[in-house]
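Report on one structure; see the data block that follows.
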Amino acid sequence: MQLSVVIPLLNEQESLTELHDWIAAVMQSNHFSYEIIFIDDGSGDDSWKVIQSLASKNQNVKGLRFLKNFGKSQALHAGFKEAQGDVIITMDADLQDSPEEIPELVRLIKEEDFDIVSGWKKKRYDSIITKNLPSKLFNWAARKTSGVQLHDFNCGLKAFKKKVVKTIEVSGEMHRYIPVLAKNAGYSNIGEKVVVHQARKYGKTKFGAERFLNGFLDLITIWFVTKFGKQPMHLFGALGVLMFLVGFGFALYLGIDKLFLDPTGRLITDRPQFYISLTAMILGTQLFMAGFLGELITRSKKTGRGHYTISETINF
């Protein structure tokens, strides 16, 4: 099979039929063998009924239905696990991503040997205040911290080699930074293509104000995992040693002062440096132990299972 189109969705019943027909037309005109995998992330509308209807008419349509809303990252994880195509395309279900971009994305993967090609919504039709400006800020910060030079990390339209999506694990809310996860896994040939972005035709965005905070927290997590994910002792151990040396330095100073410089002075326990020393050495020891525990967890970690529950499937 040449292509798998993975589409996570939440309450998009109005757009699904139109999106399916558009994708199917592009696939047929380019003679692609394909599958369309819809992942219903706990929709409260009739999205699943629409997917069932589409699947009954087109055997290339497959569906996964989550028991409840687990998030876009978990939906992508489930879709990647089931995808069988040589090239995997991800796109949103709201008709803002154009399927007409798919042939060129496939060409870049096949002919120019990119591991990932990410869409760049250079001209956007979203709100400037609530989406455009925060996205620019996130993208700038992501470039600086990750070293992946993409203009639009959050674009839903992306193309991947099959081996990439079978290697990386998308968890938490990391769908924004899949190219960074891929780079950390060793796939560094990452390209970018300007894609057409369209105004939302039906409904409204499913993302609220909390996405701003989540985006920054995810970015901090990505930075930490990139720098210290494989060797957490390098961070916690270094901080632990630093804190312990600070505490030991104060203790040494207090000991020398009491024994040789001012033996008749006030008690050591009456001096604030004593408590600074004690606290610093305790914190240093705890940080060091955190490093050890991090190393043990890293070496014993088992991956491959997403944190979601599938209630129904179609055509798998």
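The values are calculated or read from the model by the stated rules, or taken from the named source; none is laboratory data. Everything quoted here is computed from the prediction, not taken from an experiment. Neighbour counts run over all protein chains shown; Cβ positions are idealised from the backbone, glycine included. For accessibility, only protein heavy atoms count, side chains too; no ligands or nucleic acids. Shrake-Rupley method; radii C 1.70, N 1.55, O 1.52, S 1.80 Å.
Listed values, structure above:
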{"read-out": "Relative contact order of the range 80-188, defined on C-alpha pairs under 8 angstrom at six or more residues apart (%)", "value": "37"}
{"read-out": "Antiparallel bridges, percent of DSSP beta bridges restricted to the range 1-120 (to nearest 5)", "value": "0"}
{"read-out": "The chain: calculated mean residue ellipticity at 222 nm from DSSP helix runs of at least 4, using -39500 (n - 2.57)", "value": "-15500 deg cm²/dmol"}
{"read-out": "Label-point separation, E169 to L259 (7 Å along Cα→Cβ), nm", "value": "5.1"}
{"read-out": "Heavy atoms of I220 accessible to a 1.4 Å probe, total area in Å² rounded to 10", "value": "110"}
{"read-out": "Efficiency of FRET from Cβ geometry, Q2 and T313, R₀ 25 Å, rounded to 0.05", "value": "0.65"}
{"read-out": "Accessible surface ranking that places the most exposed of K110, K49 first, with a 1.4 angstrom probe", "value": "K49, K110"}
{"read-out": "Segments 182-190, 271-279 sorted - mean Cβ within 10 Å per residue, highest first", "value": "182-190, 271-279"}
{"read-out": "Within the chain: Cβ-based charge dipole about Cα centre, in debye rounded to nearest 20 (Lys, Arg +1; Asp, Glu -1)", "value": "620"}
{"read-out": "Cα-derived Rg to Rh of the chain, Kirkwood definition", "value": "1.16"}
{"read-out": "Within the chain, percent of DSSP bridges classed antiparallel, to nearest 5", "value": "35"}
{"read-out": "Q59-V225 FRET efficiency (beta carbon distance; Förster radius 41 Å; 0.05 resolution)", "value": "0.55"}
{"read-out": "Interchain or long-range residues, amide H under 5 Å from K121's placed H", "value": "V195"}
{"read-out": "Model label zone, K123; criterion: amide N under 20 Å from point 7 Å along Cα-to-beta-carbon; scope the range 156-185", "value": "156-157"}
{"read-out": "Solvent-accessible area of S43 with every protein chain in place, 1.4 Å probe, in Å² to the nearest 10", "value": "20"}
{"read-out": "Rough spin-label spacing in nm, given labels placed 7 Å along Cα→Cβ, for K144 and I297", "value": "2.8"}
{"read-out": "The chain: relative contact order as a whole-number percent, Cα under 8 Å and 6+ apart", "value": "21"}
{"read-out": "Linear extension gain, L67 paired with K49, 0.36 nm per residue minus alpha-carbon span", "value": "5.0 nm"}
{"read-out": "Directionally averaged shadow of the range 146-188, computed from the convex hull of its alpha-carbon atoms, nm²", "value": "3.1"}
{"read-out": "List F80, F292, ordered by accessible area with a 1.4 Å probe, largest first", "value": "F292, F80"}
{"read-out": "Exposure ranking of R176, R266 by accessible area [1.4 Å probe, largest first]", "value": "R266, R176"}
{"read-out": "Convex hull of the range 12-125 built on C-alpha atoms - directionally averaged projected area, nm²", "value": "7.7"}
{"read-out": "Heavy atoms of H20: accessible area, 1.4 Å probe, square angstrom to 10", "value": "20"}
